[in-house]
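The values are calculated or read from the model by the stated rules, or taken from the named source; none is laboratory data. None of the values given here were measured: they were computed from a predicted structure. When the accessible area is computed, the model is the full protein with side chains, heavy atoms only, and any ligands, DNA or RNA have been set aside. Shrake-Rupley method; radii C 1.70, N 1.55, O 1.52, S 1.80 Å.
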Amino acid sequence: MAHVNRDKKKLLTRVRRVAGQVAALEHALEADADCADVLIQIAAAKGAIHGLMMEVLAGHLAEHVVAEASPTKRAREAQAIVELLKGFAK
């Protein structure tokens, strides 16, 4: 988790962006916004989450796959990422 600690400020900024998008979505629903406006807010929240995930994933790949000296650990971490991406793609 060294990457997460090193980039904590950047990740927290992304988390706050997610929170802002979700808050805007909640506001749109409470205000009985038009379906198109709600869908735009959902897409924005999804994009913010995706950006956060890609940032953490890139760090994980760099730290625990590419830089990993042990082929066994490298293969295990790569497989964990494959499983994560399969679940995300559903």
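Checking understanding here: applying a Kyte-Doolittle mean of at least 0.0 and a length along the axis of at least 30 Å (C-alpha), which whole DSSP H helices in the chain pass?
In the chain, the long hydrophobic H runs are 35-60.
Ignoring ligands, DNA and RNA, what percent of the 1.4 Å accessible area of the chain is carbon and sulfur?
Looking at the chain in its full context, I get 64 percent from C and S.
Cross-link partners among lysines for LYS86, C-alpha distance below 18 Å, same-chain residues fewer than 8 apart left out?
Within the straight-line cut-off, LYS86 pairs with LYS46.
Return the equivalent ellipsoid semi-axes of the stretch 2-90 as a descending list in whole Å, where each equals the square root of 5 times an eigenvalue of the C-alpha gyration tensor.
That gives 34, 15, 7 Å for the three semi-axes.
Quick one: length gained pulling ALA89 to LEU57 fully straight, 0.36 nm per residue minus the C-alpha distance?
10.1 nm
Can you give the helix-only mean residue ellipticity at 222 nm for the chain, where every DSSP H stretch with n ≥ 4 adds -39500 (n - 2.57) and the sum goes over all residues, rounded to the nearest 500 deg cm²/dmol?
Calculated mean residue ellipticity at 222 nm is -27500 deg cm²/dmol.
Contour minus end-to-end for LYS8 and ARG74, with contour as 0.36 nm per residue of separation and end-to-end as the Cα-Cα distance?
My answer for the length gained is 21.4 nm.
How much accessible area per residue does the chain have, counting only protein heavy atoms and a probe of 1.4 Å, in square angstrom?
Ligands and nucleic acids excluded, the result is 71 Å² per residue.
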